[in-house]
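A short worksheet on the structure shown next.
Derivation of every value follows stated rules applied to the coordinates shown; laboratory data play no part. Please read all numbers here as calculations on a predicted model, not as lab measurements. Cβ atoms come from the backbone with ideal geometry, glycine included; neighbour counts cover every protein chain shown.
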Ligand SMILES: Nc1ncnc2c1ncn2[C@@H]1O[C@H](COP(=O)(O)OP(=O)(O)OP(=O)(O)O)[C@@H](O)[C@H]1O
Ligand SMILES: Nc1ncnc2c1ncn2[C@@H]1O[C@H](COP(=O)(O)OP(=O)(O)OP(=O)(O)O)[C@@H](O)[C@H]1O
Ligand code: SF4
Ligand SMILES: [Mg+2]
Ligand SMILES: [Mg+2]
């Protein structure tokens, strides 16, 4: 019920000089109204590519599979090609906060002008109204001196301020769905806490659905309701935050949790997951994690078990191979 | 012979800023009056909020930023280099001995060069090796120390994952056999598992190659695990320095306490006891007088409010230094 976003069987590939790279494989996810889905996974696991697929922001060399579905409000947006259709998702229904705050702002246009312009593009309102909404949003994200900031360029703001301005811009169109890609990675923990609190309040107030991408499990634990763990383009485990963090089943999820530095025991050595992530050019067949699995089953190790999520507890899904080796 | 490899004495770095060509020139006080000593063979951590001056200080120590006042001394075995008073020739020598590992493993590696060429480039630029054979040998040696697959040296960087790319940039930084490494947010973009792996690698290489590190990060939990000593920066100033364990057990400065309390817990049910900070970070063009943190301090002491007590570190226990205003206000 009231599912805002549903992704079914999404594959994303890129044509490159060295051949075709599979960046995302058979990903299915959903987000309800008012729900925060956290996506975790290491660098290169396909988190950003998945989010960009929702807004059709992947570049020209991208190939989506025929039967992929990205359904927002009953419409399969992955088939959208016309400008009119794309306008409905970008900035209207869906807003994205990017990994690099500088990338969201045009360097030579003032912050305020960009916010106003974006609102005028997506809402049927007057310029003055757009300005007052923008100023209000800047205030709400905790920026003081909003009139002055409104007239500044992105590079003139500190990192934390820039990130908050970006969040204000993404929220100002009141999207139904917010895609936040590492929104707090560049911030120190005190500013991060400030920004997370404010995002949570606004999400609640407007009942937005949110995809929150990060590699920080602590941030996920404090922010998300649901969690999906990605490895090499695949979702290997998903479920409620409580369940996944307290009762992880997949060896990769367990490895991620074990690798967290323990601040209560500074003498404990750091425990990385052994081995290297394969290059996207040599993706393993069968279970994508098998080359690094600490206790693989015989069939799993030989790549004989196909990737497929199975439900091990109500609402807790694990890849079938990872569920067996433990 | 000194125990220290680096002495930073009263260093300030200012940048000029002008809104437009008609307006008055202003100064950005990026780094103010910093004093630190980095022991030979240590892992020195530098944490602090975005814009507090960590990168600027790191670059000043590498001789890559102009130092506005004060000096930086590099104590080599046989001689001292004073970076504020250094000849071109000496600066060249120093560049071989002090290297930077870049923040972003994606942006730092040229996509059109093979991994071998990327690692070899500093050797060629600094004319360290005499011929191609010697270069190749050195590249292979350092690549295997950084646990890179030697068969992959002919590949281009885009075929590698974030963690592997970070190892490539570490190999590149280490190829000229430096003694001192500045690692600026070298693991921030990586997930926890790869972070742990890279940090273990840096730790092992420290012993093997006799390295000293300045490790810049905003992730306190990571810093605590690898660094011997940690300095906390806020708005251009170091507000506290202590051995890592001491800093975690016994933080004295209010900003340090706020930092430690804000590390997000992985337990979703754990009620957060974070000391909440509100308000904006003041501008580095116009920092507050007295304690620079006082405009955001949740419970400033009676003496702090006026901003009359000048910033300056005092030693509260062996090796544990705190800004004097905070040390005395409670
Ligand atoms: N335009 C592109 N062309 C070719 N390959 C690409 C392109 N964009 C992404 N990739 C590849 O797709 C894979 C997934 O990338 P993605 O950016 O989604 O990772 P991520 O999970 O967001 O990682 P990070 O945590 O580093 O941001 C990577 O192997 C990446 O190199
Ligand atoms: N080249 C420059 N010109 C003008 N101002 C600069 C320059 N470099 C840095 N600054 C300013 O100096 C201050 C310190 O910046 P610095 O990059 O050292 O911070 P940092 O602690 O490394 O932050 P982060 O954690 O975001 O990397 C900031 O106010 C910044 O805007
Ligand atoms: S010196 Fe005073 S104002 Fe500054 S951090 Fe300490 S208590 Fe707060
Ligand atoms: Mg990404
Ligand atoms: Mg920096």
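Fewest first, what order do B:144, A:45 take by the number of other Cβ atoms within 10 Å?
Numbers: B:144 12, A:45 28.
Going from least to most buried by this count: B:144, A:45.
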Cα centroid separation - segment B:72-98 against segment B:216-272, whole Å: 32
Contact order relative to length of segment A:253-326, as percent, for alpha carbon pairs under 8 angstrom and 6 or more apart: 21
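Per the helix-only calculation at 222 nm, which mean residue ellipticity applies to chain A, given -39500 (n - 2.57) for every DSSP H run of n ≥ 4 and division by its residues, nearest 500 deg cm²/dmol?
Details: 13 runs with 113 residues, N = 326.
Taken over chain A, the calculation gives -9500 deg cm²/dmol.
For peptide B:214-220, how many partner chain Cβ atoms fall within 10 Å of a residue's Cβ, on average? Let's see the in-between values first.
On the way: counts 0, 0, 0, 1, 9, 5, 4.
Mean partner shielding for this stretch: 3.
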Dimensions (Å) - segment A:253-326, Cα atoms, principal axes, largest first: 41, 35, 22
Hull-based mean projected area of chain A, where the convex hull spans the alpha carbons, in square nanometres: 18.1
Most mobile of A:248, A:296, A:269 in a GNM of chain A (Cα contacts under 10 Å): A:269
Ascending count of other beta-carbon atoms within 10 Å, so fewest first, for A:185, B:295: B:295, A:185
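State, as an integer percentage, the relative contact order of segment B:4-227 based on alpha-carbon contacts under 8 Å between residues 6 or more apart. Walk me through the numbers before you get to the answer.
Details: 381 pairs, mean separation 56.2, N = 224.
Relative contact order comes out at 25 percent.
What's the exposure ranking of A:109, A:167, going from fewest to most Cβ atoms within 10 Å?
A:109, A:167
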Alpha carbon centroid spacing (whole Å) that separates segment A:241-275 from segment B:38-63: 29
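Peptide A:250-257: average number of partner chain Cβ atoms within 10 Å per residue? Display every interim value, and only then the final one.
Numbers: counts 0, 0, 1, 0, 0, 3, 3, 3.
Mean partner-chain Cβ count within 10 Å for A:250-257: 1.
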For residues of A:276-282, the mean tally of beta carbons on other chains within 10 Å: 5
Linear extension gain, residue B:9 paired with residue B:23, 0.36 nm per residue minus alpha-carbon span: 1.7 nm
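Between Rg and the Kirkwood Rh of segment B:212-305, both from Cα atoms, what is the Rg to Rh ratio?
On the way: Rg = 14.3 Å, Rh = 14.7 Å.
Dividing the radius of gyration by the Kirkwood radius yields 0.98.
Any idea what the relative contact order of chain A is, in percent, if you count C-alpha pairs under 8 Å spaced at least 6 apart? Numbers along the way, then the final one.
On the way: 599 pairs, mean separation 64.4, N = 326.
Taking the mean separation of contacting Cα pairs over the length of chain A, I get 20 percent.
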